[in-house]
Amino acid sequence: MKSVLITGATRNTGFGIARKFASEGWAVFITSRKAEDAKKAAERIHEEFGVPCFGMGFDIADAHNAGKVTDFVHSKGYVLDSLVLCAAAQGLNQNPLTVDIDEWGAVIQANVTGNFSLARTVARDMVETENHGTIVFIGSITYRDCNVLRSAYNASKGAILSITKSLAVDLGQYGIRVNCLLPGPVYTERYDALDEETRRRRNELVPIGRVSTAEDIAGGVWFLASSNSGNATGTGLIIDGGVDSINSGRY
């Protein structure tokens, strides 16, 4: 049985990705900053799909202790076939003129340094076990189409795509493929708090008529992580309903 670990997978997009792999018969590992949340999410997936599913507490910003993730996987008798890096610091409402520099840097620490640290830790394990696995980063179209007051987040997503390409080049000799899924707006629990008119307006701004769902993103991640994507590596796959193709009209 193949196995995958998805960070930040207790709800929304990450949970949808975990469900997709479970539906395909993979053993699933879930991480969250709160161990109890990860364990509960794993139990839900196991009950729904019947595959082995395990949850553990891990903060993606904890770059010096990424090894405890692979130790946990080994303790359950697995070596990862795929890693999906979904967890991210959001960096909301950071006015560049006033944001505390440590708060700004914390977003980079989590989204860039933390993701790189876990990716290389899993890659080392794949190399040692001669397992030709896959790594999928979750980026964002904000790597070039920036959100307002989120400069650290936007910068981190640009870095993630660059890291994807760098690792694809450096790890290709070991048979490890590294790709990046680049979502646009995705329906999450935050949308449930919006009024009907606001939800309608947000959907109308997307050329295809609706924001992406967790299932949309999960399908793209599954494609990149599985053999369906062949020898694709170093690629950035956009799934955004066409948002990245829009000219804002501000020129």
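Worth pointing out:
- Only lysines eight or more places from LYS165 in sequence, or on another chain, were considered; those with a Cα closer than 24 Å are LYS157.
- In a simple Cβ point-charge model (Lys, Arg +1; Asp, Glu -1; nothing else charged), the chain has a dipole of about 260 debye relative to its Cα centre.
- Average Cα contact separation per residue, the chain, under 8 Å, 6 or more apart, as relative contact order %: 19
- Computed over protein heavy atoms with a 1.4 Å probe, the carbon and sulfur contribution to the accessible area of the chain reaches 49%.
- For peptides 107-113, 197-203, sequence by mean Cβ density within 10 Å, most packed first: 107-113, 197-203
- Summed residue charge, Cβ within 12 Å of ALA42's Cβ, Lys/Arg positive, Asp/Glu negative: 0
- In a reduced charge model with +1 at each Lys and Arg Cβ and -1 at each Asp and Glu Cβ, segment 40-135 shows a dipole moment near 100 debye about its Cα centre.
- The smallest convex shape that holds all Cα atoms of segment 123-228, its convex hull, gives 129 Å³ per residue.
- Orientation-averaged projection of the chain equals 14.3 nm² [convex hull of Cα atoms, one quarter of hull surface area].
- The 3J(HN,Hα) values that the Karplus relation (6.51, -1.76, 1.60; θ = phi - 60°) gives for segment 139-156 are, in residue order, x, 5, 5, 6, 5, 9, 10, 6, 7, 6, 6, 9, 4, 5, 4, 4, 5, 5 Hz. Gly and Pro appear as x.
- Farthest towards the positive end of the charge dipole of the chain, among the residues GLY209, SER245, PHE223, is the Cα of SER245, using unit charges on the Cβ of Lys, Arg, Asp and Glu.
- Taking the average, over residues, of other Cβ atoms within 10 Å as the packing measure, peptides 70-76, 84-90 rank 84-90, 70-76 from highest down.
- Cα centroid separation, segment 8-36 to segment 48-81 (Å): 11
- Accessible area per residue for the chain is 49 Å², calculated with a 1.4 Å probe on protein heavy atoms, without ligands, DNA or RNA.
- If the chain linking ASP244 and GLN173 were pulled fully straight, counting 0.36 nm for each residue of separation and taking away their Cα-Cα distance, it would gain 22.3 nm.
- Among PHE223, PHE15, PHE137, the largest mean-square fluctuation in a Gaussian network model of the chain, built with springs joining Cα atoms closer than 10 Å, belongs to PHE223.
- Debye intensity ratio I(q)/I(0), log10, segment 21-115, q values 0.12, 0.25 Å⁻¹ (C-alpha model): -0.46, -1.31
- Over segment 124-251, relative contact order from alpha-carbon pairs under 8 Å, at least 6 apart, %: 31
- Based on C-alpha pairs under 8 angstrom that are at least 6 apart in sequence, segment 88-149 has a relative contact order of 45 percent.
- Rough spin-label spacing in nm, given labels placed 7 Å along Cα→Cβ, for THR198 and ARG144: 3.1
- Accessible-area rank, largest first, for ARG210, ARG19: ARG210, ARG19, with all protein chains present and a 1.4 angstrom probe.
The values are calculated or read from the model by the stated rules, or taken from the named source; none is laboratory data. Because the structure is a prediction, the values reported are computed rather than measured. Please note: Cβ atoms are built from the backbone with ideal geometry, for glycine as well, and neighbour counts cover all protein chains shown. Just the protein is used for accessible areas: all its heavy atoms, side chains included, with ligands, DNA and RNA removed. Shrake-Rupley method; radii C 1.70, N 1.55, O 1.52, S 1.80 Å.
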